[in-house]
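The structure appears below as structure tokens.
Bear in mind that the values in this text are calculations on the coordinates, not laboratory data. On a predicted model such as this, the values are computed, not experimentally measured, just so you know. Virtual Cβ from ideal backbone geometry, glycine too; neighbours counted across all protein chains shown.
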Amino acid sequence: MANNIKTIVKVFMIFFLFQISLSAILTAIPLINNDISEEDKSFILFLNDKTNFIGTDGNTLLDDFVQGMPNEGIFNDTLLNTFLGIYKIIAASIKFIIELVLDILIVPNIMMSILLYNFIGNSTILSVSGIVVNIGFYSFLYYIVFKEGIR
Amino acid sequence: MANNLSEVFNTLNAMNTTFEFNSTEIIANAINYSNVQSDNWIGIFIFILLGLSLFIFINKNKNNFKLNNDLQMSLFMLNVLIDVGFIIYQFRILANVQLVIFIYTAFVGLCVFSVIQKDKEEVN
């Protein structure tokens with residue numbers, strides 16, 4: 001059982017590194033290159049939508065977190081407001097962690113979209129195939145890790 | 001030490017020469033004149049060749065890099081590969097973001113399956 005969990009944690013660590021490096025490269029490329037081609041620009045926008053967990057307001061994951069943290073005059077207010085303000089901050093960080101976890105869980109989806117982007121120019125087919133691949137990957141992981149057994 | 005350095009600077013001043021060395025200009029001129037910008041097979045070939053040679057070098061010297069298991073190896077290689085891809089994109093050897101990220105993603109997939117496979121082999 002411990003080995004099963006270890007394997008899953010290893011896989012998610014690789015996924016996490018993949019997310020971070022994609023975000024880094026997507027942030028850095030527009031900074032170093034002034035004349036990006038239209039093709040690359042649309043690809044960068046597509047990947048930004050995929051890699052950042054876009055909320056209802058169109059904010060990215062990090063934007064939501066940064067906006068959720070500040071509470072003005074938190075220690076100069078009444079006792080009740082101070083108490084509630086601290087709870088708001090804790091809730092913002094919990095929300096961030098949950099969204100981050102969801103973001104890491106859909107990495108097979110993102111990977112399949114990137115691999116198929118050159119061949120299929122249709123976002124509907126891409127997202128559907130991504131969901132299929134996501135379900136397939138997790139059933140595969142379940143089968144390999146729990147059924148076949150890493151004891 | 002300071003005395004020696006000041007002597008050196010004094011002699012350099014006495015020579016009355018100007019050193020004009022603009023490295024960024026030299027690199028920019030080299031890129032312009034050699035016309036290396038490409039977004040097709042040559043770039044992909046150079047990227048894969050560089051990545052593969054680095055992989056072989058690191059894999060041979062695993063112990064010197066203190067990489068004990070497959071996870072550490074793949075995490076390290078992913079970092080190396082994203083750096084190589086970034087540099088190759090920056091110097092316009094492979095001037096296409098899609099292809100750089102495509103090759104990187106394919107490598108990530110390989111890493112995931114190799115980690116699962118290694119864990120299975122170790123136990124059985």
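For B:K118, give me every one of the lysines with a C-alpha distance below 25 angstrom, ignoring sequence neighbours fewer than eight places off in its own chain.
Excluding near neighbours in sequence, the set is A:K6, A:K10, A:K147, B:K60, B:K62, B:K66.
Got a sec? How would A:Y87, A:Y117, B:Y104 order by Cβ neighbour count within 10 Å, fewest to most? Walk me through the numbers before you get to the answer.
Working: A:Y87 10, A:Y117 19, B:Y104 22.
So the ranking, lowest neighbour count to highest, is A:Y87, A:Y117, B:Y104.
So how far, in whole Å, is the C-alpha centre of the range B:61-106 from the one of the range A:96-134?
21 Å
Please build a GNM for chain A, connecting alpha carbons under 10 Å apart, and tell me which residue among A:L116, A:L61, A:L80 fluctuates the most.
Maximum fluctuation in the GNM of chain A, among the listed residues, is at A:L80.
Mind checking which helices in chain A clear 27 Å along their axis (Cα) and have mean Kyte-Doolittle hydropathy of 0.5 or more, DSSP H runs only?
Membrane-span-like by this rule: A:2-32, A:79-105, A:123-142.
Hey, in the GNM for chain A with a 10 angstrom Cα cutoff, which one of A:V107, A:V11, A:V133 fluctuates hardest?
Ranking A:V107, A:V11, A:V133 by mean-square fluctuation puts A:V11 first.
Averaged over peptide A:4-14, how many Cβ atoms belonging to another chain are found within 10 Å of each residue's Cβ?
The mean count of partner-chain Cβ atoms within 10 Å per residue comes to 4.
So which residue, out of A:K50, A:K95, A:K41, gets the largest mean-square fluctuation from a GNM of chain A using Cα contacts under 10 Å as springs?
Result for chain A, Cα springs under 10 Å: A:K41 fluctuates most.
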